[in-house]
1. Under 6 Å between Cβ atoms, at least 6 apart or on separate chains: pull out the pairs that start in the stretch 85-102 with a residue that is assigned to a helix (DSSP H, G or I) and end on any residue that is open to solvent by 60 Å² or more (accessible area, probe 1.4 Å) and of a type outside the set (Val, Ile, Thr).
2. Output the residues belonging to the stretch 1-23 that are surrounded by 11 or more Cβ atoms within 10 Å (Cβ to Cβ), of a type in the set (A, V, I, L, M) and out of contact with any helix residue (DSSP H, G or I) (no Cβ under 7 Å at 6 or more places or on another chain).
3. Could you grab me the full set of residues in the stretch 58-89 that are more than 19 Å from Asp43 (Cβ to Cβ) and surrounded by 15 or more Cβ atoms within 10 Å (Cβ to Cβ)?
4. I'm trying to understand the selection: among the residues of the stretch 35-78, which are under 16 Å from Arg91 (Cβ atoms) and either among the basic types (Lys, Arg) or touching a residue at least 60 places away in the same chain (Cβ under 8 Å) (or both)?
5. In the list Leu101, Leu97, which residue meets the criterion of being open to solvent by less than 60 Å² (accessible area, probe 1.4 Å) and either touching a Ser or Thr at 6+ places or on another chain (Cβ under 9 Å) or at pLDDT 90 or above (or both)?
6. Can you find even one residue in the stretch 86-93 that is in contact with an Asp or Glu (Cβ under 8 Å, 6 or more places away or on another chain) and not β-branched (Val, Ile, Thr)?
7. Pairs needed: first member in the stretch 13-29, closer than 12 Å to Met1 by Cβ and assigned to a helix (DSSP H, G or I); second member anywhere, open to solvent by 100 Å² or more (accessible area, probe 1.4 Å) and of a type in the set (A, V, I, L, M, F, W, C); C-beta distance under 9 Å; at least 6 residues apart or different chains.
8. Can you tell me which residue in the stretch 104-131 is modelled with the lowest pLDDT, limited to those that are open to solvent by 90 Å² or more (accessible area, probe 1.4 Å) and assigned to a loop (DSSP other than H, G, I, E, B)?
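The values are calculated or read from the model by the stated rules, or taken from the named source; none is laboratory data. Because the structure is predicted, anything quoted here is derived from the model rather than measured. Positions of Cβ are backbone-derived with ideal geometry, glycine not excepted, and every protein chain shown enters the neighbour counts. Remember, those area values only see protein heavy atoms, side chains included, never the ligands or the DNA or RNA. Shrake-Rupley method; radii C 1.70, N 1.55, O 1.52, S 1.80 Å.
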Amino acid sequence: MEIARMLGVSEESVRRWRRVWEEGGVDALRRRPATGRPPKLDDAQVERVRAALEQDAQAHGFEADLWTLERVGLVVGRGTAVPLSRASVWRLLTGRLGWSLQRPERRAAERDESEIARWIAHEWPRIKKGR
């Protein structure tokens, strides 16, 4: 069949498309939405999770104000009664919520900004001159 060759598909595909077109018209040929497993959380539950996660982690009883996949999973489970695996939590955060990975900046608790500024202003030029 010339149409199959022009489109680079099998003749059976062209015959199937023609049959679908004859039975249901052009609308029957339109692409259908992807099928698959429905999401574990509906849109209302996702919005509840978003609102909960916009609070800090300490508001949910965690000692440090840091969100991890495990902690998010616990909050999701408490708020929706739907247990999620770490992979599902990651897909929820990055896919449906559109968030990205953020890592906290590592700084010493004893860091003294005024001492650092003094060192840069006075000690560093002195050391640099010594070269």
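1. Listed pairs, sorted by first residue: Leu93/Trp99.
2. Residues of the stretch 1-23 surrounded by 11 or more Cβ atoms within 10 Å (Cβ to Cβ): 1, 3-4, 7, 9-11, 13-21.
From the residues that got through so far, the ones that are of a type in the set (A, V, I, L, M) too are 1, 3-4, 7, 9, 14, 20.
Passing the criteria: Leu7, Val9.
3. The answer is His60, Phe62, Trp67, Leu69, Arg71, Gly73, Leu74.
4. Hits for the stretch 35-78 are Arg37, Lys40, Arg50.
5. Numbers: Leu101 fails: open to solvent by less than 60 Å² (accessible area, probe 1.4 Å).
Answer to the selection: Leu97.
6. Checked the stretch 86-93: at least one residue is in contact with an Asp or Glu (Cβ under 8 Å, 6 or more places away or on another chain) and not β-branched (Val, Ile, Thr).
7. Final answer for the pair search is Ser13/Leu7; Val14/Met1; Val14/Leu7; Arg15/Met1.
8. Applying the filter and picking the extreme gives Arg131.
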